[in-house]
Amino acid sequence: MSERERDDHSGTETTGHEWDGIKELDTPLPRWWLWVWYGSMVWAAVYWVLMPAWPGITGYTKGLLGHSDRAQVARELDGLADLRRAGEGRLKTASLQQIEADPELQAYAMQVGQSVFGDNCATCHGAGGAGAKGYPSLRDDVWLWGGKLDAIAHTIRVGVRSGHAGALGEAVMPAFGRDQMLTGAQVADLTEYVMALSGRRADAAAVARARQTYADQCAACHGAGGGGDAARGVPDLTDAEWLYGSTRTDIHDQIWNGRNGVMPSWEVRFSPETIKALAVYVHANAGGEPEPVVSAPAPAAPAGEGADARAAGR
Amino acid sequence: MTTVIDTVKRDAARRADGPVSAAGRVREKARDKGSLYKPRVPIYPKLVHGHWRRIKWILLILMLGVYYVTPWIRWDRPGALPDQAVLVDFFGRRFYFFGIQLWPQEVHFITGLLVIGALALFLVTALFGRLWCGYACPQTVWTDLYIYIERFFEGDRNARMRLAAAPWSFDKLWRKGGKHAVWLAVAFGTGGAWIFYFRDAPTLFVEFWSGRAPIQSYISCALLTATTYVFAGHMREQVCTYMCPWPRIQGAMLDEHSLQVTYRFDRGEPRGPHKKTQGWEGRGDCIDCQACVVACPMGIDIRDGAQLECINCALCIDACDEIMDRVGRPRSLIAYDTDAAVAARSQGQRPVYKPIRSRTLYYGLALVAVSALVVYGLATRPALEAHALRDRNPTFVRLHDGSVRNGYTLKIANRTFEPQAVAISLEGVPGASLRIPGGETGQVLHAVAPPNEVRAVRVFVTGAPGQADQPAARFVVRGAGEAVIAKTTFLTGAEASP
């Protein structure tokens, strides 16, 4: 091998390559870099022995430490279930009012409620509970089936026109137009009457014509003044809240077709604790109808569980 | 004139019997073998006495003292808050530094501190060269300590070299064994002190020795023990030369007016052995005694000029001064000096020192500006802070009477150690009524922000029917002394609704 060129300044050999007059030095590496490389080889060998490493035809080398990511996930999920069990236990014994009065327990219930709501209720009521046309908003201050904690929990349990034995929604809105109970002119007049009920501009002559029709057909449920019947879930026609839309066309459409909302009974799907959590979540989110003040429940399990509940909620 | 770092004058360093510095021997060895890898040649720095060595001892004691003592300083804070003056509390998500406590969202102060550190490093390097490397860098400080221990067990340079060459014996065994044992103990002490910065020191001390400390403590301690032992005991100059980026960066901060540890070749050359009977005419002051070379912990020859390996520790200055005293020549043949001064003197001109140059001015101004900004930020940091998070889903809710309600989560940060009662009001929404769900209703709401925590308050704001969007609404949160503002908007959907 011929003598390699040596750089005058540093005394180091060059690689012999030249780019536009610049030559690359062939500076030797410090030897400990080599040791680090050997070290990482040893580490790799140790790792193969200790940890799962090599794939085979029917399986893989398991490693002496017996580590398995899958088993670890299962262990952590078990741990989570343990944490939740503590929270569930307290939800079971506490009343709805007690849950709401205990900030820690309420926070736990809110977390459970939020995730259950997102998976099950948001489809109709919207992710934030804002509702949509035909699906009530759970954020406002209008409650067809009652806005107190117990009423909300009851509604979730039995549902509305759900086929459950105790279901809400016995009263139904007839389809006055479609079923030809009223003529088209009568429905049009009634629409004006309902517009007038909520304090909006309406054709005075039509309102006068519809007065008798309203008294005959509608007042039985919606009340003579249009105030509805909270006990039977009959909507108030005088307020600004319209389940099926507020415009003249929307109102006409509802009198003609008489839609009746359906909500499933969730009793078969959710545990009583989950329904409690959901009720607390919905109640708090809407600002809730005020509840009588109760004292926080006595802890049903050993101390320190509150922290667990918080952890589980995260 | 430009400064070229690593201006090695090879011919000057080469002697008939080969190079004397360790770095030179490495070069020679690699040259002979043509190897891809460069073996480390052990360096046996000789003990020197003098001005700079004394300063280095004092700084070493001072800095190690600060490092070991700081976590044990107590600082009374009320309640269950930690009583440790300096504490990085990962669990509680706080950084405590005497009277200052920083929250994670205030990490920009730490960034500011790092920028100040970098700029200070630039300024000091431009003015005085690598002071950091020579005196303050942990690698230098711990290596110095390790060499002290080495010397204690094995003696000074010549004794150490003899011992290294000697066959294994009981004497060699106990000296080497003792050295490594004490090294390991110091390394353990280093790692052990580090963890106290992250958890209450007296508690952790008990926990650590009774096996109840968090696993992170043991891992951190083990890691730092290992790195200290390896870096300060075995790697030493290799860390500076190969692992640290700073020697390569600092060339950009240095210029010909920066003070550096410099061999004044204008005075020293031509060098050569000197007999007592000879005069000093026609020759340089350097008697080629190698005192500077054997004292160098980096294993280089300072007479080769500025080199990236040189950490400017100034031990060669002390070594040379001692020799100059002995041969009766003035001191400072090796001294803190500038390339410009040496060049000027070698041409028979008066050296000019220019500490104020454009680069030092810029570094200085930037340093002052950033420091002022950080200090201003710290001084005017509000004790109370509020942020309003508006509900986005739904953006607004229409109530039965046609009024519109917006939901907010008001985050009130109380940076004091006392609970703060606050009054919450809203400006910019006419006729608005505020309500805390399940609580108070009115124009002004009341809440208590717990000490050293963020309190999230749900607030519903109901605006009168028929009003337009209010893009410039703001919450006013009034504490005991101050009122803070949280800007937000109030949306009504007025345009969108039919």
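The values are calculated or read from the model by the stated rules, or taken from the named source; none is laboratory data. It should be emphasised that the depicted structure is a prediction, and the values quoted were computed from it without experimental measurement. We place every Cβ from the backbone using ideal geometry, glycine too, and count neighbours over all the protein chains shown. Accessible surface is based on the protein model in full, side chains and every heavy atom, while ligands, DNA and RNA are left aside. Shrake-Rupley method; radii C 1.70, N 1.55, O 1.52, S 1.80 Å.
General observations
- Listed pairs A:K276/B:K411; A:K148/B:K411; A:K23/B:K56; A:K23/B:K38; B:K56/B:K179 exceeding 32 Å between Cα atoms: A:K23/B:K56
- Helix A:184-197 axis, angle to chain A major axis (alpha carbon atoms, nearest 10°): 80 degrees
- Amide H to amide H, with H built 1.01 Å from N, B:T492 comes under 5 Å of B:D469, B:Q470, counting only residues 5 or more places away or on other chains.
- Note on chain A: Rg/Rh from Cα positions, Kirkwood definition for Rh, rounded to two decimals, is 1.37.
- Under-5 Å amide H pairs with A:D229, H placed in peptide plane, nonlocal only: A:V234
- Each of the peptides B:375-381, A:182-188 was scored by the mean count of other Cβ atoms within 10 Å over its residues; in descending order, highest first, they stand as A:182-188, B:375-381.
- Calculated FRET value between A:W33 and B:A185, using beta carbons and R₀ = 25 Å, to 0.05: 0.30
- When all alpha carbon pairs of the stretch A:184-257 are counted in 10 Å bins from zero, the resulting P(r) reads 21, 59, 19, 0 %.
- Counting Cβ atoms of other protein chains within 10 Å of each Cβ in A:129-141 and taking the mean gives 3.
- Prolate/oblate/rounded label for the stretch B:174-257 (Cα gyration tensor, a/c 1.5): oblate
- At a probe radius of 1.4 angstrom, the accessible area of the stretch B:384-490 per residue rounds to 45 square angstrom.
- Annotation for the stretch B:192-259 versus the stretch B:114-142: alpha-carbon center distance of 17 Å.
- Candidates per trypsin sites (Lys or Arg not before Pro) in the stretch B:139-243, loop by DSSP, up to 11 other Cβ within 10 Å: B:R212
- Considering only A:K276, A:K92, A:K62, the Gaussian network model of chain A with Cα springs below 10 Å gives its largest mean-square fluctuation to A:K62.
- Evaluated over the Cα positions of chain B, the convex hull gives a direction-averaged projected area, one quarter of its surface, of 35.6 nm².
- Helix axis angle, B:170-195 relative to chain B longest principal axis, alpha carbon, degrees: 20 degrees
- For the options A:D26, A:D189, A:D239, a Gaussian network treatment of chain A with springs between C-alpha atoms closer than 10 Å singles out A:D26 as fluctuating the most.
- Shielding by other protein chains, B:399-407, mean Cβ within 10 Å: 5
- Each of the peptides B:297-310, B:431-444 was scored by the mean count of other Cβ atoms within 10 Å over its residues; in descending order, highest first, they stand as B:297-310, B:431-444.
- Interface of A with B. Using a 1.4 Å probe and counting protein heavy atoms only, the two chains hide about 2400 Å² of accessible surface, both sides summed.
- Shielding by partners, peptide A:7-20 (average Cβ within 10 angstrom, other chains): 2
- Rounded if a/c under 1.5, otherwise prolate or oblate - the protein assembly as shown, Cα gyration tensor axes: prolate
- The stretch A:184-257, accessible surface, carbon-and-sulfur percent (1.4 angstrom probe): 53 percent
- Per-peptide average of other Cβ atoms within 10 Å, ordering A:123-130, A:193-200 highest first: A:193-200, A:123-130
- Between the Cα long axis of helix B:215-228 and the first principal axis of chain B there is an angle of about 20°, rounded to the nearest 10.
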